[in-house]
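Let me begin by presenting the structure, written as structure tokens, before commenting on it.
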Amino acid sequence: MNGSLYLFPVTPEAAPDPAPVHAALEALQVAGAPLAETAGKRVFRAGEGFAREVIFAGCSPHLRFEAAHADDRDFCHLAVHGPLSTPRLFTGPQTGRPRCPSCRTRLDDWRERAIAPLSALPCPACAVTCRAIDLDWRQQAAIGRLLVELRNVFPGEATPSDRLLTALREAVGSDWRYGWAAMSEAP
């Protein structure tokens, strides 16, 4: 399963207009030509500014920006999801245990609970009930109604530039954060 770096508003319930987000991604040349569009999602080629605004760790990462064949998804490209009707939680097989925001206890059984972003979860240690979107995921999940997915960026491999996060904040009027999770479904 391929990984993605997700960018999303700090307030997961927010559903800003995606048009200014698209414009900001195009202005920074993060988003290139469109690849596909479905209800609630637009997929783009990585633009010339992708490698400038997504800061990769290491001295010479191997980045592919073109598909090798029609079903190939193992290349850098991006998708803009939303606005969705309710927040969606993106996780992956390597997602760690989230922590209670009150007492910092790890929720060992979070996968078994089949949690939804707005579901109420009692902490096993302090009994405080919080929503899944309020847990501390330590940047190992993404939650929101509008998300920018930078595909084929694996956990810890890269982070968004300050300029990219600032452009998104200016586009919608609120701060953005980021986290890693599994790549969403096709396209």
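Determine which member of the set Ala19, Ala23 is small (Gly, Ala, Ser), assigned by TED's automatic domain parsing to the domain that holds Gly173, without any contact (Cβ under 8 Å) to a residue 12 or more places away in the chain and in a helix (DSSP H, G or I). Full working, then the answer.
Numbers: Ala23 fails: without any contact (Cβ under 8 Å) to a residue 12 or more places away in the chain.
Matching residue, one of Ala19, Ala23: Ala19.
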*asked:* Scan region 97-113 and tell me whether some residue there is farther than 30 Å from Glu26 by Cβ and small (Gly, Ala, Ser).
replied: yes
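Quick check on region 96-130: of everything there that is of a type in the set (Ser, Thr, Tyr) and assigned to a loop (DSSP other than H, G, I, E, B), which residue is nearest to Pro9 (Cα to Cα)? Can you show your working first?
At the first step, the residues of region 96-130 found to be of a type in the set (Ser, Thr, Tyr) are 102, 105, 119, 129.
Those left that are additionally assigned to a loop (DSSP other than H, G, I, E, B): 102, 105, 119.
Numbers: Ser102: 22, Thr105: 25, Ser119: 19 Å.
Looking at the filtered set, the residue picked out is Ser119.
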*How about region 142-160: which of its residues are part of a loop (DSSP other than H, G, I, E, B) and aliphatic (A, V, I, L, M)?*
Leu146, Val153
_Among the listed residues Pro83, Pro93, identify the single one that is assigned to a loop (DSSP other than H, G, I, E, B), touching a Lys or Arg at 6+ places or on another chain (Cβ under 6 Å) and within 21 Å of Leu147 (Cβ to Cβ)._
Pro83
*Picking from Ala31, Ala57, which residue would you name as being in the same structural domain as Thr166 (by TED's automatic domain parsing), buried (at least 20 other Cβ atoms within 10 Å of the Cβ) and touching a residue at least 40 places away in the same chain (Cβ under 8 Å)?*
Ala31
*Would you say Cys103 is hydrophobic (A, V, I, L, M, F, W, C) and either closer than 22 Å to Gly40 by Cα or surrounded by 14 or more Cβ atoms within 10 Å (Cβ to Cβ) (or both)?*
no
*Which condition number in (1) surrounded by 15 or more Cβ atoms within 10 Å (Cβ to Cβ); (2) assigned by TED's automatic domain parsing to the domain that holds Leu7 is the one that Trp110 fails?*
(2)
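The values are calculated or read from the model by the stated rules, or taken from the named source; none is laboratory data. Owing to the predicted nature of the structure, the values given are computational and were not obtained by experimental measurement. No Cβ is skipped: glycine too gets one built from the backbone with ideal geometry, and neighbour counts run over all protein chains shown.
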